[in-house]
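K.L.:
Before I ask anything, let me first share the structure, which is written out below as structure tokens.
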Amino acid sequence: MCLKKKIMKYETKKDEIIITDLSEFDITQILECGQIFSYEKVDDNHFFVYSADKVCEVVQNEETAHIFTKNVDYFANFFDLDENYANFKEKLQKYDEIKDALKYGYGIRILRQDIFEMFVSFVISANNNIPRIKNSIKYLREHAGKDMGSFHAFPTLTELSQKDVEFFVKAGLGYRATQMVKLLKQLKDVDFDELKKMDTESLRKELVSLSGIGPKVADCILLFGFSRKDVFPVDTWIVKIFHDKFGDTDNRNQMREELIKKFGDLSGVAQQYLFYHKREEG
């Protein structure tokens, strides 16, 4: 069946993006589905979102969402506004296991985030909880990032590479502090542009060879940093979902392989819908 293309309606003005079709956009769902840690909640449906050295303010009501920023093009890409999530959901509807999650998380979009920030953020996230992750990243911004006036930028590789293990311990990284220092040294020799050219499996192998990066962290970096939607990060929530809906194995690599075989190029999108629904509903 040929699916009719439906792109979400939005318009840009100076310092503002206005989204007039909320059928595929919900800022709370987007920010609270586990893919980003650099944001602050002001009120219901009112957030400040940070990426690299840029910031936007998002305010959503029942009819529209407004993204206020000096970096309109950057955040239009960041929120993946030109991608067709209506088609994604229509393609995923054929799987009974995900239908409820598609309805529940209708407004989720996969963010296109800064790659270096994803390396650091998801190494911090391993065996951690979201409040602690957010606090650690906030510490890095405030104590190593450039002062941008109203906020601090996420520190660059050069800026973070100057910090020692003790700095990262103070940032709350615990045992990850030593891993982080080693990772930053490794990344100084990495050509990020060359990484972007690699196919997903080759890139994944490259990532898991680096300090502090296991299979789940690698898949998160691939999905949220490199925008590779053909991966399926497996964490404790996905394990529960797998046992509930898909199979009995306790082997996470096997779970990942079976889920990618099922959802294909939309594996990462399916993962976010399933993850968010399970975590919110229990």
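K.L.:
Calculate one ³J(HN,Hα) per residue across segment 18-29 by plugging θ = phi - 60° into the Karplus curve 6.51 cos²θ - 1.76 cosθ + 1.60, and present them in order as whole Hz with x for glycine and proline.
P.N.:
Listing the rounded values in order: 10, 9, 9, 10, 9, 5, 10, 8, 9, 4, 5, 4 Hz.
K.L.:
Considering only C-alpha atoms, what is the centroid distance from segment 166-210 to segment 120-163, in Å?
P.N.:
Using only Cα atoms, the two centres lie 14 Å from each other.
K.L.:
Would you work out if segment 236-281 is rounded, prolate or oblate? Take a ≥ b ≥ c from the square roots of the eigenvalues of the alpha-carbon gyration tensor; rounded if a/c is under 1.5, else prolate when a/b is larger than b/c, oblate otherwise.
P.N.:
oblate
K.L.:
Sticking with this one: Specify which labelled value, from [x] 25; [y] 16; [z] 21, agrees with percent of Cα pairs over 33 Å apart derived from the coordinates of the model shown.
P.N.:
Only one option fits the structure, namely [z].
K.L.:
Check L210: other-chain or 5+ apart residues with amide H under 5 Å from its amide H, H built from backbone geometry?
P.N.:
HN-HN under 5 Å from L210: empty list.
K.L.:
Which one of Y74, I18, T64 has its Cα pushed farthest toward the positive end of the charge dipole of segment 10-82, where Lys and Arg give +1 and Asp and Glu give -1 at the Cβ?
P.N.:
The residue sitting farthest along the positive end of the dipole is Y74.
K.L.:
Now for a different question. Rounded if a/c is under 1.5, else prolate if a/b is larger than b/c, else oblate: which is segment 194-282, with a ≥ b ≥ c the root eigenvalues of its Cα gyration tensor?
P.N.:
prolate
K.L.:
Would you mind ranking M198, M180 by Cβ crowding within 10 Å, fewest neighbours first?
P.N.:
The order, fewest Cβ neighbours first, is M198, M180.
K.L.:
While we're here: Quick one: 3J(HN,Hα) in Hz for segment 80-95, Karplus 6.51/-1.76/1.60 with θ = phi - 60°, rounded, Gly and Pro as x.
P.N.:
Result, rounded to whole Hz: 6, 5, 8, 8, 9, 6, 4, 5, 3, 5, 5, 5, 7, 4, 6, 9.
K.L.:
Need one word for segment 10-82: rounded, prolate or oblate. Basis is the Cα gyration tensor (sqrt eigenvalues a ≥ b ≥ c); a/c below 1.5 gives rounded, then a/b vs b/c decides.
P.N.:
Cα axes put segment 10-82 in the rounded bin.
K.L.:
Name the residues whose placed amide hydrogens come within less than 5 Å of the amide hydrogen of K54, ignoring near sequence neighbours (fewer than 5 apart) on the same chain.
P.N.:
F154
K.L.:
Can you work out ³J(HN,Hα) from phi for every residue in segment 211-216, in order, using Karplus 6.51 cos²θ - 1.76 cosθ + 1.60 and θ = phi - 60°, giving whole Hz and x for Gly and Pro?
P.N.:
Those phi angles translate into 4, x, 10, x, x, 5 Hz.
K.L.:
Pick from D100, D248, D53 the residue whose mean-square fluctuation is largest in a GNM of the chain, springs joining Cα atoms under 10 Å.
P.N.:
D248
K.L.:
Amide H to amide H under 5 Å from M148: which residues, 5+ apart in sequence or cross-chain, H placed 1.01 Å off N in plane?
P.N.:
Correct list: A153.
Just so you know, all these numbers are worked out from the coordinates, no wet-lab data involved. Since this is a predicted model, take the numbers as computed values, not measurements. Glycine gets a Cβ as well: all are built from the backbone with ideal geometry, and neighbour counts include every protein chain shown.
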